[in-house]
Amino acid sequence: MKIGLMHLAQRESIDGLVESVRRAEAEGFASLWMPNVFALDAITALGVAGRESDRIELGTAVVPIQPRHPFAMAQQALTTAAASGGRFALGIGLSHKVVIEDMFGLSFDRPARHMREYLEAMSPLLRGERTNFDGDVYRVSGSVRVPDAGVVPVLVAALGSAMLRVAGSHAQGTITWMTGIRTLESHIGPCLREAARDAGRPEPRVVAGVPVALTTDIDAAQKRVGEVLSMYGSLPSYRAMLDREGAASPADVALLGDEATLRAGIERHREVGVTDFTASIIPVGPGSRERTREFLRDLL
């Protein structure tokens, strides 16, 4: 199992991101994943960072599909892959109804169908092939050629059963968030792998984003994490995963504790089939961010 970082700096400059990527690479982390929210465009920014790094995998976690046509997404992803020497992974998702409908004014109707059609239209383009797709949502015909891009792996943010079937049958794996260890073991992994097997695809990646903090004050850490991540407890897709886990709040699926607790928790993720443990370091007190990062670095 590889260990990477989830990069959550929302107001960071391009120069700041480049420095963060360089540092993560120098420390030996396998990957750095960047969400696409309301600041830097994640695909573009990682393309710049890819030119300034040599080894580390760079990925989006995740880019909402609705605002970007499959052709535009493929073209941008291939360009970033070329810029980073083939080290780019495209993580995509459906976002949430409150974002897509209320903020963007777009449809959130039948999201699993939307994602399936999107992948069927875009996947040939990412392989350097021509696409000819005529569906209910998309009609796409054409090709895009980006020298030195290679093949871009696609990971789908999938939590519910329908989306996991789409991810397993049409992509290289999934990226999770707000998903506890029991849910990864009993729901995410089995659904995803079954869909991949049925489609004749290779074993899929499971990239698990996990809030992490090294601490001896568990109560204070849980309170802090609950405050920082409170919004996720009210979003329907994440709430469903928390309920499945039996978790009252996001703090209940965070990995919090001393070195032995964190080491055991990370090992447990490996045991249940997580291929990429992606730590989202949550500061829970003075100096805790760097202490947690140093612990993770020592594991490498």
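All of the numbers you see were taken from the coordinates with simple rules; none came from a lab. Just so it is clear, the model here is predicted, and its values are computed rather than measured. Cβ atoms come from the backbone with ideal geometry, glycine included; neighbour counts cover every protein chain shown.
Kindly provide the helix-only [θ] at 222 nm of the chain, computed as the sum of -39,500 (n - 2.57) over DSSP H runs of four or more divided by all residues, to the nearest 500 deg cm²/dmol?
Computed ellipticity for the chain at 222 nm equals -12500 deg cm²/dmol.
Using the scaling law 2.2 N^0.38 Å as the reference, what is the normalised Cα Rg of the stretch 1-67?
In units of the 2.2 N^0.38 Å rule of thumb, it is 1.04.
Please compute the net charge surrounding Ala77, taking Lys and Arg as +1 and Asp and Glu as -1 over other residues with Cβ under 15 Å from its Cβ.
0
Which value, in Å to one decimal place, does the Kirkwood hydrodynamic radius take for the chain when every pair of different Cα atoms is included?
Result for the chain stands at 19.5 Å.
What does the extension gain come out to for Ser161 and Met231, with contour length at 0.36 nm per residue minus their alpha carbon separation?
Extra length from Ser161 to Met231 when fully extended: 22.9 nm.
Would you mind checking which residues have amide H under 5 Å from Leu106's amide H? H placed 1.01 Å from N; only 5 or more apart, or other chain.
Glu101
Distance between Cα centroids, the stretch 1-76 to the stretch 209-279: provide it in whole Å.
Taking the Cα centre of the stretch 209-279 as reference, the centre of the stretch 1-76 is 22 Å away.
Please figure out what share of the DSSP beta bridges in the stretch 1-157 is antiparallel and state it in percent, rounded to the nearest 5.
Of those bridges, close to 25 percent are antiparallel.
Figure the gain on full extension for Ala220 and Glu27 (residue separation times 0.36 nm, minus the Cα-Cα span) and round it to one decimal in nm.
Answer, rounded to one decimal: 66.6 nm.
Whole-Hz ³J(HN,Hα) for each residue in the stretch 227-235, computed from phi via Karplus 6.51 cos²θ - 1.76 cosθ + 1.60 with θ = phi - 60°, x for glycine and proline: what do you get?
So the Karplus estimates, Gly and Pro as x, are 6, 5, 10, 4, 4, 5, x, 9, 7 Hz.
Measuring from label point to label point, each 7 Å out along Cα→Cβ, what is the Lys2 to Arg263 span in nm?
The two pseudo-label positions are separated by 2.5 nm.
Most exposed first by the Cβ proxy, i.e. fewest other Cβ within 10 Å, how do Ser95, Ser234, Ser123 rank?
With the sparsest Cβ surroundings first, the list reads Ser234, Ser123, Ser95.
Non-local amide H neighbours of Val62 (under 5 Å, H modeled in plane, Pro and chain starts lacking H): which ones?
Excluding prolines and chain starts, which carry no amide H, the hits are Asn36.
What does the C-alpha gyration tensor say about the overall shape of the stretch 1-157? Classify as rounded when a/c is under 1.5, otherwise prolate if a/b is larger than b/c, or oblate.
The shape class here is oblate.
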